[in-house]
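The values are calculated or read from the model by the stated rules, or taken from the named source; none is laboratory data. Note that the structure is predicted; figures quoted are calculated from it, not measured. Note: ideal-geometry Cβ built from the backbone for every residue, glycine included; neighbour counts use all protein chains shown. Surface areas here come from the heavy atoms of the whole protein model, side chains and all, with no ligands, DNA or RNA. Shrake-Rupley method; radii C 1.70, N 1.55, O 1.52, S 1.80 Å.
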Amino acid sequence: MSTTRPCSPGDRGHEPSGASGAPGTSAVSEASTEDTPAGVGSGAVASAPPSGSAADATGAARGRQVRRLGLQGASGVVPLARDFTRQALYDWGWLPAATADQRAAAEDVLLVVSELVTNACLHAEGPDELALACDNKVIRLEVTDRGTGQPAPRTPHRAGRPGGHGMFIVQRLCLDWGVLRVPDRPGKTVWAELGAPA
């Protein structure tokens with residue numbers, strides 16, 4: 001499996017799951033609480049939470065939680081992905097936001113989801129899946145598609161030029177981002193990580 005980064009990873013410790021190179025594993029497959037919000041539709045994929053994992057009364061996650069949304073063949077995937085993500089942010093305690101910084105952090109997550117899913121639509125034959133993973137410090141967003149291209153911020157970035165701003169926005173808002181590829185498998189997973197609100 002290859003991982004492409006726009007810059008060196010920070011000092012946040014080992015690479016999150018999915019970068020281990022284990023074949024046949026998805027990028028967010030560690031033990032987690034997985035659940036599907038009501039009203040998401042048949043595209044959502046969920047499994048039962050492992051024993052001992054739970055969320056506190058406010059909905060804030062105590063451990064790592066993962067949600068997945070199947071997008072292959074769905075219509076209106078960008079608003080669908082945003083709605084799915086917004087519901088997860090409510091369930092995980094990011095929303096409703098008590099402060100302007102918390103509100104900005106949640107809006108950044110929604111914007112990055114929109115950009116990653118839109119890029120998959122425009123440049124990679126559409127997204128197959130959106131995966132969200134959250135712990136107390138970081139939220140990781142992953143969009144899997146069948147495309148062979150390599151996403152990168154347009155260089156040089158010109159704010160006045162239409163289009164080409166998606167990966168520049170992702171780079172500016174995220175702690176880190178990159179691309180995961182599994183040998184002998186078509187497509188890729190574009191991932192991005194953002195810090196939890198204070």
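Pull up the stretch 170-191, narrow it to residues that are at pLDDT 90 or above and of a type in the set (A, V, I, L, M), then point me to the one that is surrounded by the most Cβ atoms within 10 Å (Cβ to Cβ).
Val190
Within the stretch 113-129, is even one residue farther than 17 Å from Pro79 by Cβ and in a strand (DSSP E or B)?
Yes: one or more hits.
Yes or no, residue by residue, for (1) open to solvent by 10 Å² or more (accessible area, probe 1.4 Å); (2) in contact (Cβ under 8 Å) with a residue 12 or more places away in the chain; (3) charged (D, E, K, R):
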| position | (1), (2), (3) |
| --- | --- |
| Ser75 | yes, no, no |
| Val78 | yes, yes, no |
| Ala81 | no, yes, no |
| Thr85 | no, yes, no |
| Ala88 | no, yes, no |
| Ala97 | yes, yes, no |
| Asp108 | yes, yes, yes |
| Val113 | no, yes, no |
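Output yes when any residue across the stretch 51-69 is at pLDDT 50 or above, in contact with a Gly (Cβ under 6 Å, 6 or more places away or on another chain) and under 20 Å from Ser114 (Cα atoms), and no when none is.
yes
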